[in-house]
Amino acid sequence: MERVNQRTNHLLGKNIKRLRIQNKLRNKEVVAQLQLKGVEISTGTYSKVEMGLNNPSVDLLIALTEIFGCDFNAFFM
């Protein structure tokens, strides 16, 4: 599974968190929606992605674009 390395892009986790907050969603709500889309992730792992401590999979990012209603590039700007 392809992963996006956050060491080379520190904004990724911050942008995911910003988009979640803009959509007025809590971590566990996002995780529940991700699981419904077939992305196996725990709340703890998702939190680590937002903190930049865990590298998200491409599948996770694609699912987040659907949940947040954003373009893939929004994670990297």
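Rule-based calculations on the coordinates, nothing more; no lab input. Given the structure is predicted, the values throughout are model-derived calculations rather than measurements. No Cβ is skipped: glycine too gets one built from the backbone with ideal geometry, and neighbour counts run over all protein chains shown.
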Does segment 54-77 hold any residues that are in a helix (DSSP H, G or I) and in contact (Cβ under 8 Å) with a residue 40 or more places away in the chain, and which are they?
-> Val58, Asp59, Leu61, Leu64, Ile67, Phe68, Ala74, Phe75, Phe76
Within segment 8-46, which residues are surrounded by fewer than 13 Cβ atoms within 10 Å (Cβ to Cβ) and in contact (Cβ under 8 Å) with a residue 40 or more places away in the chain?
-> His10, Gln22
